[in-house]
2 protein chains.
Amino acid sequence: MYRTNTCGELNLSNVDEKIVLSGWVHKMRKMGGMTFIDLRDRYGITQLSFDQEVNPELYTQANKLGREWVVTVYGVVKERSSKNAHLTTGEIEIIASKLDVLNESKTPPFTIETNTDGGDDLRMKYRYLDLRRASVRKNLELRHKMTFETRRYLDNLHFMEVETPVLIGSTPEGARDFVVPSRMNQGEFYALPQSPQLFKQLLMVSGFDRYFQIVKCFRDEDLRADRQPEFTQIDCEMSFVEQEDILNTFEGLTKHLFKTLKGIEVPDFPRISYADAMRYYGSDKPDIRFEMKLVEIKDLTVDRNFIVFDSAPYVGAICVKNAAIYTRKQLDELINFVKRPQVGAKGLIYLRYNEDGSLKSSVDKFYSEADLKLWAERCNAKPGDLILVLAGETESTQEQLSDLRLEMASQLNLKDKNDYKCLWVVDFPLLEKDKELDRFFAKHHPFTSPKPEDIHLLDINPAAVRANAYDMVINGVEVGGGSIRIHDSEMQNKIFTVLGFTAERAQEQFGFLMDAFQYGAPPHGGIAFGLDRLVSLFIGLDSIRDCIAFPKNNSGRDVMIDAPSTIEKEQLDELGLTLIKPKE
Amino acid sequence: MYRTNTCGELNLSNVDEKIVLSGWVHKMRKMGGMTFIDLRDRYGITQLSFDQEVNPELYTQANKLGREWVVTVYGVVKERSSKNAHLTTGEIEIIASKLDVLNESKTPPFTIETNTDGGDDLRMKYRYLDLRRASVRKNLELRHKMTFETRRYLDNLHFMEVETPVLIGSTPEGARDFVVPSRMNQGEFYALPQSPQLFKQLLMVSGFDRYFQIVKCFRDEDLRADRQPEFTQIDCEMSFVEQEDILNTFEGLTKHLFKTLKGIEVPDFPRISYADAMRYYGSDKPDIRFEMKLVEIKDLTVDRNFIVFDSAPYVGAICVKNAAIYTRKQLDELINFVKRPQVGAKGLIYLRYNEDGSLKSSVDKFYSEADLKLWAERCNAKPGDLILVLAGETESTQEQLSDLRLEMASQLNLKDKNDYKCLWVVDFPLLEKDKELDRFFAKHHPFTSPKPEDIHLLDINPAAVRANAYDMVINGVEVGGGSIRIHDSEMQNKIFTVLGFTAERAQEQFGFLMDAFQYGAPPHGGIAFGLDRLVSLFIGLDSIRDCIAFPKNNSGRDVMIDAPSTIEKEQLDELGLTLIKPKE
């Protein structure tokens, strides 16, 4: 027997019990004839005590242990003289009577502590040691709890988890599909799914009614900090529902997760249209932990011969509370910030509303104090506030103001990671125009249904058609999105036409779904959540990587196992493949 | 709103309620001015009633519906005059007042009934219609419940579900790996995991202690009825445990599943050694729903000049209860059965123990009635029984007797699908000799630990070394298997040597695990269950295919979506690949 208890559970109520513990040597301290060892397992840390006078042999044995050795210890629980309030086991220690070394350990390349001295690369190479750190393990514990509670909530509502295939068909537009050559069907390839979209819609045609799946998806694209070639979705679909039913069901799920995982009661989610999100936040994923809304002031700026504003279709401002104290240097830095190519503004106008009530702007040459007063009023500014103004094309300027707004929130510490503000963004545009290709694309995907009241616009003004599509946004992060689908073949064909699909191409790409829809498709819709992102958000991580047990780096490599790697020629032969440029 | 209730829940307590239902038109019956429609959804079937006299327009509309159309119906719940005891809703019907057609349907290519007229190929091509059949849907409902209850049981015991990567490294011996060419690392490939074995062991090194995952695994091999290129495992691993702990934990899981899914209390599982399983059943996955054990009678057959038995190292018998009535023709068929290449015996000796106490065998020429009496006694035969005898090499003959035993059980209807007999087979041999290659292979896998008491045999008689390895067997099906792993590098190297691995090759293939083991690996072990097989067994299916939503056929094809398929040259170029034989 390796243990009677874990290292996280003994306390004063166990005093004088004989116990056995197993774990890793976390720390050792020697103090005048005594050696103390912190023994660690997944559940916590327990102090072992070895007394030279009482048991010199055992004392000597204990002193030979090293960091991260695996041991079993037999002993008795005793109350500690100097207690440690940070540990649940901090009131007791184990007076050891026997020690078995289960395994020795080389010295790890970094410390197994929350604030480790290991850099990112080293930690990833030795991920199995990195995962010993309580901070990383807790991320994965929360991930486990999140999937478990998600399943519990959905099972309760009669959702069925159905596994859809991982080896699916490659589609002509699936350029970012990972493909898998088939040995039994040489020259042919499976693809790995970017999402189970088509299969979950087929399940609705099958009458499955309430489907979900927590499922790996794959996308072969250039990676960023927040992207992985394989990622996990909470994928859901429902039949005989309207948008409201889906929003309520998954708002309920999110509340359930906040309640059970973080003990937080989240209020009802506000719903904001895409148009309003752009108007007031310049973003379709607004962070509403703070106000600082965009204010349009174009009408207040005209006729003063300021050509920059006069020539701009849009002039917008944000009012930054209590930031009139910003120095000239700080303001210059903000100007540099908005001019960065990632933001792309041409310049920034500021207006200081000083504590004494006076107004000072970078465009005093053009605008009188009375003019500026009107700006301040429109922005609901108070003495001590700073107004920042950008001008240009409507949409791009709104987006620049959004970047600036988020930057100001960071500078002023308005992004409290423990404050969670959830909302729904609804009424997304159905279509998005690619200006270069002069072609419409589906903003969500080609099965998204238009709002009934906008259908008449499909022919005359496609860009104005709104969709039954929605995103769930938490603290400026899009954690999930979905839509009510088209279940009517005629409407589907209409949309394909608008998207420029020929009947042939639509058949080639979505044929089996189109076929299925001929046999009685119910009205249906769904949503998918990015699990990695949701977990990161609950933990307050900046990257999704630390809530994934074995993540890949930005080149899509697993540096621990050194994958991907070359394969042998025999295997390529069996697959009927050759490399264009053979590797050395 | 599409519905107030489902089609499976209304009963007499709802009489006079106004309700809305949505679903599929399952059946229509016209009876003198009345039309009755069975409306179906996932939850059941409810009868709708349309009366020509009461509402002629609606009656006409109803008569225009077709099979599998999707409709919403508004109406009032009424008690039926002729009740249907087979339906939970069989005591009521809906007097319809309004009908909306949500979608029409072409006539399905087969009937949506438990006993459908659709053949296998048609059903697979139209799997989305096949899944409408209650019998198929119920399989997937049970599958959902099984995974949910598995998670609930394991979560309760502090197991953590951890997702391991799907894009992993290819190993030199991974000839049956599916590979995935990397676009970002041209010329290199990921592999899809045949199991998360290495990762779960790494998680133990990380101190995760109790891991599980319900996870897709992949194997690119020729398929049989019971194999799929992608399959699902319940994969588990524990640290600081001995074999007993694992057996108890997962015997507990299995009992929990039988209890919650089938309401069956399964008794404690017997444990039988591999050696005894072979001796008494000729199989390492014995079906113990019936006795008919193998009995060795070699010693009773010698010195009678019957060269077949005299020259055979093994002579074994099974006693088939009440089968002395088998005719000469039936016995000839049994002889043909054992001679089939799949069984491979040279012949079959029978001994009839007639009701009158006389004995009649096919070897009366060599053995006296007194001789035969001894055989019958050894076999514990009674008048009316039939004894069947095979002879040859020990192991192969035992296996032939096992085949014969299972065949006799089928013929005599001893395999009751609702009788579940579970057991553990333990003490598997550590190694298996490939006679052709004259080389030992790991029977389970190369990390399986030998029994401590057998370690001394590693050098002198490797074939005799038993492993800490175990299989769970239910009704003759191996549903799960696992082992206690080696956690000591020295022992691991020893085993690699016995397996003929050079240090180099071991490093190449398992390097990162070997490295990890240098940093304090705990004692650990685990088990993996084949979910598809377990679900099939619980349902009593002959193939695993009908408990998989979208299975592939025996050529690894998904005929519904027509995968795998060719991909475009541009995509191959991006991956740095060319086809050896380009497709037309």
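The values are calculated or read from the model by the stated rules, or taken from the named source; none is laboratory data. In this text, all values refer to a predicted model and were calculated from it rather than measured experimentally. Here Cβ is always computed from backbone atoms with ideal geometry, including for glycine, and neighbour counts include all displayed protein chains. For the accessible areas, the whole protein counts, side chains as well, though only heavy atoms, and no ligand, DNA or RNA atoms are used. Shrake-Rupley method; radii C 1.70, N 1.55, O 1.52, S 1.80 Å.
Please compute, for peptide B:512-519, the average count of beta-carbon atoms on other protein chains lying within 10 Å of each residue's beta-carbon.
Values: counts 10, 2, 0, 5, 5, 3, 5, 17.
Counting other chains' Cβ atoms within 10 Å and averaging over B:512-519 gives 6.
Let me have the 222 nm mean residue ellipticity of the protein assembly as shown computed from DSSP H runs of 4+ only, each contributing -39500 (n - 2.57), with the sum over all residues rounded to the nearest 500. Walk me through the numbers before you get to the answer.
On the way: 34 runs with 340 residues, N = 1168.
Helix-only estimate at 222 nm: -8500 deg cm²/dmol.
If each Cα of the protein assembly as shown is one equal point scatterer, what is log10 of I(q)/I(0) from the Debye formula at q = 0.04 Å⁻¹? Calculated log10 I(q)/I(0) at the listed q: -0.29. With N the number of residues in chain B, Rg(Cα) / (2.2 N^0.38 Å) evaluates to 1.22.
For segment A:142-149, backbone phi angles converted through the Karplus equation (6.51, -1.76, 1.60; θ = phi - 60°) give residue-by-residue couplings of 5, 4, 4, 5, 5, 5, 5, 5 Hz, Gly and Pro being listed as x.
Please say if segment A:498-547 is rounded, prolate or oblate, where rounded means a/c under 1.5 for a ≥ b ≥ c the square roots of the C-alpha gyration tensor eigenvalues, and otherwise the choice is prolate for a/b larger than b/c and oblate otherwise? Spell out each step's value before the answer.
Working: a/c = 4.18, a/b = 2.46, b/c = 1.70.
Prolate, since a/c reaches 1.5 and a/b exceeds b/c.
Largest accessible area first, the residues A:Lys365, B:Lys329, A:Lys443 order themselves as A:Lys365, B:Lys329, A:Lys443 under a 1.4 Å probe with ligands, DNA and RNA left out. For B:Pro267, the label point sits 7 Å beyond Cα toward Cβ; its separations from the matching points on the remaining copies run 6.3 nm, from shortest to longest. With N counted as the residues of segment B:290-411, its alpha-carbon radius of gyration over 2.2 N^0.38 Å works out to 0.95.
With only Cα atoms counted, segment A:410-468 has Rg and Dmax values of 16.8, 47 Å.
Its Cα centre serving as origin, segment B:326-376 has a Cβ charge dipole (Lys and Arg +1, Asp and Glu -1) of approximately 300 debye.
With only Lys, Arg, Asp and Glu charged, each at its Cβ (+1 for the first two, -1 for the last two), find how big the charge dipole of segment B:260-399 is about the Cα centre; round to the nearest 20 debye. Could the numbers behind the result be given before it?
Numbers: 20 positive and 22 negative charges, 78 e Å.
It comes to approximately 380 debye.
When each of the peptides B:451-464, B:314-327, A:228-241, A:71-84 is scored by the mean number of other C-beta atoms lying within 10 Å of its residues, the order from highest to lowest reads A:228-241, B:314-327, A:71-84, B:451-464.
Students often get this wrong, so check it: of A:Lys145/B:Lys255; A:Lys18/A:Lys64; A:Lys138/A:Lys262; A:Lys285/A:Lys421; A:Lys451/B:Lys64; A:Lys321/A:Lys417, which have C-alpha atoms separated by over 18 Å?
On the way: A:Lys145/B:Lys255 24 Å; A:Lys18/A:Lys64 24 Å; A:Lys138/A:Lys262 13 Å; A:Lys285/A:Lys421 11 Å; A:Lys451/B:Lys64 29 Å; A:Lys321/A:Lys417 20 Å.
The answer is A:Lys145/B:Lys255; A:Lys18/A:Lys64; A:Lys451/B:Lys64; A:Lys321/A:Lys417.
Neighbouring Cβ atoms from other chains, within 10 Å of the Cβ of residues in A:149-161, number 3 on average.
For segment A:12-103, a simple Cβ point-charge model (Lys and Arg +1, Asp and Glu -1, everything else neutral) yields a dipole of about 300 debye relative to the Cα centre.
Sites listed here are GluC sites (Glu not before Pro) in segment B:501-578 whose DSSP assignment is loop and whose Cβ has at most 16 other Cβ atoms within 10 Å: B:Glu568.
Based on Cα contacts under 8 Å between residues 6+ apart, segment A:290-411 shows a relative contact order of 37 percent. Here A:Lys569 yields copy-to-copy label distances, from shortest upward, of 2.6 nm, the label point defined as 7 Å from Cα along Cα to C-beta.
What does the structure give for A:61-73 when I average, per residue, the other chain Cβ atoms found within 10 Å of the residue Cβ?
On the way: counts 0, 0, 0, 0, 0, 1, 2, 3, 2, 10, 2, 3, 0.
Mean partner-chain Cβ count within 10 Å for A:61-73: 2.
Based on the inverse mean of 1/r over its pairs of different Cα atoms, what is the Kirkwood hydrodynamic radius of segment B:245-291, in Å? Display every interim value, and only then the final one.
On the way: mean 1/r = 0.0823 Å⁻¹.
Radius from the Kirkwood sum: 12.1 Å.
Peptides B:140-146, A:258-264, B:64-70 ordered by packing proxy, namely the average of other Cβ atoms within 10 Å per residue, highest first: B:140-146, B:64-70, A:258-264.
Checking the a/c ratio against 1.5 first, then a/b against b/c, what shape does the Cα gyration tensor give for segment A:12-103? In terms of gyration-tensor shape, rounded. If you fit an axis through the alpha-carbon atoms of helix A:394-411 and take the longest principal axis of the Cα set of chain A, what angle between them do you get, 0 to 90°, nearest 10? Long axis of A:394-411 versus the principal axis of chain A: about 30 degrees. Ranking A:Met1, B:Met28 from most to least accessible surface, computed with a 1.4 Å probe over the protein chains only, gives A:Met1, B:Met28.
With the label put 7 angstrom out from Cα along the Cα-to-Cβ vector, A:Asn380 ends up 8.8 nm from the copy partners, going from closest to farthest.
Residues whose amide H lies under 5 Å from that of B:Ile297, counting only those 5 or more places away or on a different chain, are B:Val315, B:Gly316, B:Ala317; hydrogens are built 1.01 Å from N in the peptide plane.
Tell me, what is the percent relative contact order of segment B:179-249, built from C-alpha pairs under 8 Å that lie six or more residues apart?
Numbers: 85 pairs, mean separation 19.3, N = 71.
RCO, segment B:179-249: 27 percent.
What is segment A:106-184 by shape, rounded, prolate or oblate, if you read a ≥ b ≥ c off the alpha carbon gyration tensor as root eigenvalues and call it rounded for a/c under 1.5, prolate for a/b larger than b/c, and oblate otherwise? Don't jump to the answer; show the numbers that get you there.
Working: a/c = 3.39, a/b = 1.41, b/c = 2.40.
Oblate, because a/c is 1.5 or more while a/b does not exceed b/c.
Can you list the equivalent-ellipsoid semi-axes of segment A:205-315, largest first and in whole Å, using the square root of 5 times each Cα gyration tensor eigenvalue?
Values: eigenvalues 310, 83, 56 Å².
The equivalent ellipsoid of segment A:205-315 has semi-axes of 39, 20, 17 Å.
Our summary gives chain B a relative contact order of 13 percent, counting only alpha carbon pairs under 8 angstrom and 6 or more residues apart.
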